[in-house]
Every structure is written in C-alpha cells, then in structure tokens.
Amino acid sequence: MDYEPINKIPVEKMKVRPNLTREAELVAGFDWVSLEKELQLEESVNYNLAYAAIDRHLKNQPDKVAMIWEGKSGEQEKYSFKDLALLTNKFANVLLGLGVKKGDRIFIFMARLPELYVAFFGGLKIGAVVGPLFSAFGPDPVRDRLADSGASLFITTPDLKARVEHIFKELPALKNIIIVNKNNRHPGSLGKDEISYETAMEKASPQLGKMASGKENHSIIHYTSGTTGKPKGAVHAHNALIQHYATGKWALDLHEDDIYWCTADPGWVTGTSYGMSAPWTNGVTQLVYEGGYKASMWYSLIEKYRVTVWYTAPTAIRMLMKAGEKIPAEHDLSTLRHICSVGEPLNPEAVVWGQRVFNQAIHDNWWQTETGAILIANYAFMSVRPGSMGRPTPGITPEIVDDTFNELPPGQEGNLAVRPGWPAMFRTYWNNKELYESRFKNGWYITGDRAKKDKDGYFWFIGRTDDVINTAGHLVGPFEVESALLEHPAVAEAGVIGKPDPLAMEVVKAFVALKDGFTPSDEIRRELMQFCRKKLAAASAPREIEFIDKLPKTRSGKIMRRLLKAKELGLPTGDTSTLEDD
Ligand code: AMP
C-alpha cells in the first residue's frame, strides 16, 4: 500500500531556525570548517569531544542542567555542565594516576548510570580510546572485545563484575579494574587489587592540565558484527563531533531549550553519537533513564520531564503500538515536538500511528556503526514519506551501485554506497586494516545494505547483503552464535539465521545437528538456549532451535545459511551448484 506523505510538526509547534526551513538552504549554507569555528575548536588546543560537549559550556551556561538522570527505582539526580566538567576532570586524573596514556583502550561495562557518562568523557579527556559495553552482555562478548583491543582498564559495578570476572585471567593486558558502587547500591565487595571509584574520585583533583587534543585522535571504539568471524572494533575519531553537532540540529532538530531523550544504550553507537555527543555539543538538556522498555513508564517519563525531542527505535515503537492507544491517552504528551527513529526499517504503519497518537509523524533516519553519524534522514521540516529513510544530510553523497560498483539509475535496487570522507566515518577496524580496506570499492564505501532511491532522491531500505541478523536494532553475527553453540558438548554443527518477526524484525534461529549419542529433545533445546543466553546476551541467543541431521555446506565446508533461510521461509533454494555432495 502507498502512503501519502505526512507533514511532521504541527505548524503551531514548528520552531523555525533561520536557514533551516528548506533543504536547499541547509545544503547551501553548509561546510564542515565553519562548524568547527562555531564551536571554537582548535586542532592543538581543545579539539576533543569532551571539550565540545562539556567544558565549552562553562563560559556561557555552566549551571544549565546537562543530564537529568532517573534510576530504575525512581531515584533522580541532576548534573549541570559544570558538575560534569569537574567530575570528568577528576576521573581523568584518576586515570592519569593509574598510568593510563593517550591511545590506551579502556572499557566501561555498566548500566546507564551517571558514572558511565563521567568515565566516558573523563577517558576522552586524556586521549584514551573508550569502549562502552552493553550491560546485558554475557562473558563471551566482553572477553572478545577486551582481548581484541588489548584493553588495559575496565570499569564496572559489582553485580556486572560477578557475571564476567572469570574471564579476567584470560586478559593479560588488563591492568586495572575500577568498581563503581555509589551508596553501596550493589551487593558485593572489592576484590584484591580492585580500585574503588568513589574512593579514587574523592582523592582526585578537579583541576586538569591540558586535555588531549587533535581531530584525528581516536576516541571511541564500538564493536559491530559481520558475517564471518567475531565482531570487529570500528574506531572513531574526535572529528566526528562536528557531524554529531550538525546532524543534531538538522535531523534531530535540537534547540537550546529542548529536553531530549535518546532511548539507546551507550553500548551501541546511537547511545554515544546521539545519547552523548549530539545533545551536549548542542548544549541541550537530556534525560537518561536507567531502566528498560515499559510502555507506561516511557510515557510517564515523557510527561514528567516534558520531553520535546525523542530519538528511539522501530522495535520500541512497535512495542508501544502493541501496548495500545489507551495508555498514551492517559498521559500529557503534548510537549513532544519531534520524534525520530533508527536501527531497523520503520514500517509505514508506525509512521501513520505516530501521526495519530502523537499528532506528528515519526522520522526515520539511516546510519550505522561505521558511518558514525546520521547520513540519511527525514528532516524535521519536510514531509515524511512513510517507509522511506529520507534524503542525504548535507555533505553526504549516497548512491545505489550495482555489484560491479557502478551507479544505478533511480528506481533500481542495488548496494547502498556512500562517497567516503565525512567527519564521523570510522577510521579503521581495530587490528584489521585489510577488512577496513575491503569496505571500499571503486571510490565508494559499501555499506552492506541493499536499497533503492526514488526520482526525488529519497532512499528506501530493502535488506542486508550479508547474513548479519538485525534483532530489535542490534546486529548479531551468525558466527558468534554458532561458535557459542559449538562449545556445548552435544553440538556437532550449528547454522544460524535471522527469522522474520513482527516485533523485533528478526529473531535468532539456530539449526543444530547433534553429536552421535545425543537425541533431539525439548530438554536439550532448552539447555542450549540457556547455554547461549549465559555466554552471549539474551538478544543474541537463539529464540528458536531446530534439530537437523546435517547442515547444508559448500564443497569447501562453509555453512550455506542462504539455504537454511530458504528452508525456513519455504522459498526456492536457488543455485545449489556449490552444495557439497552427500
Ligand atoms: P549498527 O551498525 O548496529 O548501527 O547497524 C546498522 C545497520 O542497521 C544498517 O546497516 C542497516 O542494516 C540497519 N539500519 C539502521 N538504520 C536503519 C533504517 N533507518 N532503516 C533500515 N535499516 C536500518
């Protein structure tokens, strides 16, 4: 079904920024260097995300609330830009005292607590490469990331430490473990040689000498999944902040008096680029909520904090849709001015639902871990084409290219590619230059997505070109799940695919062949699911397991997931000439 374009902001709520009323004006007025000047950034003086997001505001609005934090038991804390500047200085000094140097990798494994934000920006201030980890991870993904990057420092809370501490002995580069336990919120004691965050912060000076500076200095590392091998660390540079600042204005329509809420966790790129960098480089107050999804709670938060701009994800929106329209009707959501979504395709029905429930369309936008910032968006000031990801943001040239990497005309499906060179683009995959270089072909960065462009320049998502599974907006590499399954003594072979799901878009489904002596049963199925949940994260563990005698493989022994998917969907198997003989 075709949907009519929807005009987003009700006219009476529209905030018109002088040259942001039309896309043409936006594009004409744009250049990256003038944005650096706007933020008063100088290469060897203060070019650091922590400066641009926090310390820069000490001059004009030190007391403005930067973060309103609500804990999952209803606790509330507020932090001004000045509070954050002092706390991050202190944490930077704690790190320096421990001998952490520019370029060292430090990882934060924590729920969305204020200390996560302090540790993150404190680390950036001294030039460390900071890796925030999703707090639902089991030990395997944590170990893989720390081992691959040679991390020297790990910051966590006692409850999460208990989940992963047996991996520490496998990490020879790991020198320091800092434990955050404000108000003894978590049961558990400090281990031998572990450092108490609270004690170290009490002793640390709030004065910091010179911040590390340089637009090309590495800043953040986020691991992302591919079809083969373990997740790879996409490394970003401080320069990305320019684009977060700009897309915060263009795509999220952030204004100084906004109350902004990004529901993404900083363990994923949306939670850092748009849950830290974009709002604070724009000097905007943001809400950070420790808890997870619950429809009534989410609506209450919007009402309680008078949220004006909201950035969330399609799975969450579909869950809200499922929860019905009675709950939102019981809340005053009239402060909401602009709603955006990212991570998976946003169904047109969700855009139309948004129009009905929030009196405005939900604005889809597209980007990925590697691109570092929003590259394609439905702008606040244009009408939304439900189902479309929108149009390129200024300075970005996406195209659809064929399999030999030549441009295709509008209307044709192909590979979504982007001309390289934007500020937020990843600079490498950690220790994997070859893989990084393989992402560039014929002068294009190849995104791994299939899409098409219409004659008006709107991009429409079609699917992925690889076997990576997108479950509730989180990418899961089938290889990671297969590897976990193979560690179970009953498993001979495993092949993992994404099975379509109405809520999460895809869920992880595993096909498993058992070793001789084991018989398929519900008990083994449950045991395997539990086994993976413990090792990985609930979202990456198989939701369904089907036992089969033998997996389809190529003659060279590679699992043909394509055939497993065809079997699942009841589709023709296509070309099977490379299939191994029985
Ligand atoms: P990640 O690197 O984990 O942020 O995932 C990026 C991938 O998520 C993209 O390559 C797409 O496959 C998918 N994705 C992100 N945003 C959208 C969107 N608006 N529409 C469709 N797919 C999306």
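Summary of computed values
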| quantity | calculated |
| --- | --- |
| Local electrostatic count, W69, Cβ distance below 9 Å [Lys/Arg +1, Asp/Glu -1] | -2 |
| Surface accessible to a 1.4 Å probe, per residue, for the residues of the chain, Å² | 40 |
| Cut-off under 5 Å, modelled amide H: who pairs with G448 long-range | L416 |
| Mean separation of Cα contacts under 8 Å (6+ apart) over length of segment 469-569, as relative contact order % | 28 |
| When each of K249/K452; K161/K192; K82/K249; K78/K161 is checked by Cα-Cα distance, pairs over 20 Å | K249/K452; K82/K249; K78/K161 |
| Share antiparallel - DSSP beta bridges, the chain, percent rounded to 5 | 55 |
| Rel. contact order, % - alpha carbon contacts under 8 angstrom, at least six apart, the chain | 13 |
| Cα centroid of segment 331-375 to Cα centroid of segment 436-501, whole Å | 22 |
| Prolate/oblate/rounded call for segment 469-569, Cα gyration tensor, a/c under 1.5 rounded | oblate |
| Over segment 254-310, relative contact order from alpha-carbon pairs under 8 Å, at least 6 apart, % | 48 |
| Low-density loop cleavage sites - GluC sites (Glu not before Pro) in segment 202-283, where at most 10 other Cβ are within 10 Å (DSSP) | E256 |
| Whether segment 372-465 is rounded, prolate or oblate, judged on the alpha carbon gyration tensor where a/c under 1.5 counts as rounded | oblate |
| Set K215/K441; K230/K550; K72/K102 screened for pairs whose C-alpha atoms are more than 28 Å apart | K72/K102 |
| Inter-centroid distance (Cα atoms) of segment 262-327 relative to segment 95-154, Å | 24 |
| Cα-Cα over 30 Å, subset of K125/K294; K499/K534; K210/K232 | K125/K294; K210/K232 |
| Proximal aspartates and glutamates to K90, defined as alpha-carbon separation beneath 20 angstrom and excluding residues fewer than eight positions away on the same chain | D55, D63, E77, D104, E115, E194, E198, E202 |
| With every protein chain in place, segment 469-569: carbon and sulfur % of accessible area (1.4 Å) | 52 |
| Separation between Cα centres of segment 189-258 and segment 517-532, rounded to whole Å | 40 |
| CD proxy at 222 nm, helix term only [per DSSP H run n ≥ 4: -39500 (n - 2.57); per residue of the chain; nearest 500] | -8000 deg cm²/dmol |
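The values are calculated or read from the model by the stated rules, or taken from the named source; none is laboratory data. Note that the structure is a prediction, hence the values are computed from the model and not measured. No Cβ is skipped: glycine too gets one built from the backbone with ideal geometry, and neighbour counts run over all protein chains shown. Only protein heavy atoms, including side chains, enter the accessible area calculation; ligands, DNA and RNA are left aside. Shrake-Rupley method; radii C 1.70, N 1.55, O 1.52, S 1.80 Å.
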